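The values are calculated or read from the model by the stated rules, or taken from the named source; none is laboratory data. Because the structure is predicted, anything quoted here is derived from the model rather than measured. All Cβ positions, glycine included, derive from the backbone under ideal geometry; neighbour counts span all protein chains shown.
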Amino acid sequence: MTYGVAMRLERGLVFAADTRTNAGVDNIAQYRKLQFWRQPGDRVLVLVSAGNLAITQSVLSLLNEQLTANDDGATHLYNAPNMYRAARVVGDAVREVRGIDGPALEASKLSSSTTLIFGGQIGSERPRLFHIYAEGNFIEATDDTPFFQIGEHKYGKPILDRVARADMRLGEAAKLMLLSFDSTLRSNLSVGMPIDILIYERDSLDVKREKRIFADDEYFKSLSSAWSDALRQAFAKIDEFKV
């Protein structure tokens, strides 16, 4: 399993995903769940995936094949006129792959489910963020709901619900997302480091801030320790329950 999260902000977009995949307690490996495409000066597109790894890898392969196919007139990630059309390309790829592999997986009582977060910016359009479901349809982030989560999201959701705002600074949002990961890592063994994080600055139309965060990362260790201390101090200041 995995945990992925992304936020759409006035200043840009922030994405993060862990790298653990789990096919049983004795079959744990690492795979990158955060992918991106870019044409500097024209577009940046980012995809975070969770669910059946074979399905998501096939979706990625299909999206990349479309970029080099000699199919005149076909819409793909590099010629989609806007983010909505690009999201439709991704959703169609999900449907195509599940249409091929889904029946065989279901016959073996295996899940073909995959969920994706897809976002970016094309040209002068405002950065947009979509949550793409296993059926290929999707919803879009708004100022009222500026973030999406996929995978093992329940442990990291409370802090996002309380703190996330569309007017946050990018670094502030990245800090919030890493705290969400810290809570998840403490409570769910199916999510594991390293964490891939990408910060996209609005109108830059390029990827300039990307990092893989390992367990020995000094900032992440300091963040985790400071958050634990802050929670204990806040808890101690609240009056005890009395009957």
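Quick notes on this one:
- Residues located in region 165-221, provided they are of a type in the set (Ser, Thr, Tyr) and modelled with pLDDT of 95 or more: Ser180, Tyr200, Ser204, Tyr219
- Only residues that are touching a strand residue (DSSP E or B) at 6+ places or on another chain (Cβ under 8 Å), in a loop (DSSP other than H, G, I, E, B) and among the aromatic types (Phe, Trp, Tyr) were counted in region 192-243, giving 0.
- Per the listing Leu178, Leu129, the residue uniquely farther than 24 Å from Gly41 by Cα and touching a helix residue (DSSP H, G or I) at 6+ places or on another chain (Cβ under 9 Å) is Leu178.
- Checking every residue in region 39-49 against the condition of being of a type outside the set (Phe, Trp, Tyr), part of a strand (DSSP E or B), modelled with pLDDT of 95 or more and surrounded by fewer than 18 Cβ atoms within 10 Å (Cβ to Cβ) gives at least one match.
- Residues that are hydrophobic (A, V, I, L, M, F, W, C) and crowded, with 19+ Cβ neighbours inside 10 Å, drawn from region 180-200: Phe181, Leu185, Val191, Ile195, Ile197, Leu198, Ile199
- Of the set (1) of a type in the set (Gly, Ala, Ser); (2) outside any strand (DSSP E or B); (3) modelled with pLDDT of 95 or more; (4) within 19 Å of the chain's Cα centre (by Cα), all apply to Ala16 but (2).
- Any hit, region 108-116, residues being under 20 Å from Thr2 (Cβ atoms), in a helix (DSSP H, G or I) and over 19 Å from the mean Cα position of the chain (by Cα): no
- Test: residue in region 102-124 that is at negative phi and of a type in the set (Lys, Arg): no
- Flag if Pro103 is surrounded by fewer than 22 Cβ atoms within 10 Å (Cβ to Cβ), without any contact (Cβ under 8 Å) to a residue 12 or more places away in the chain and farther than 24 Å from Tyr3 by Cα: yes
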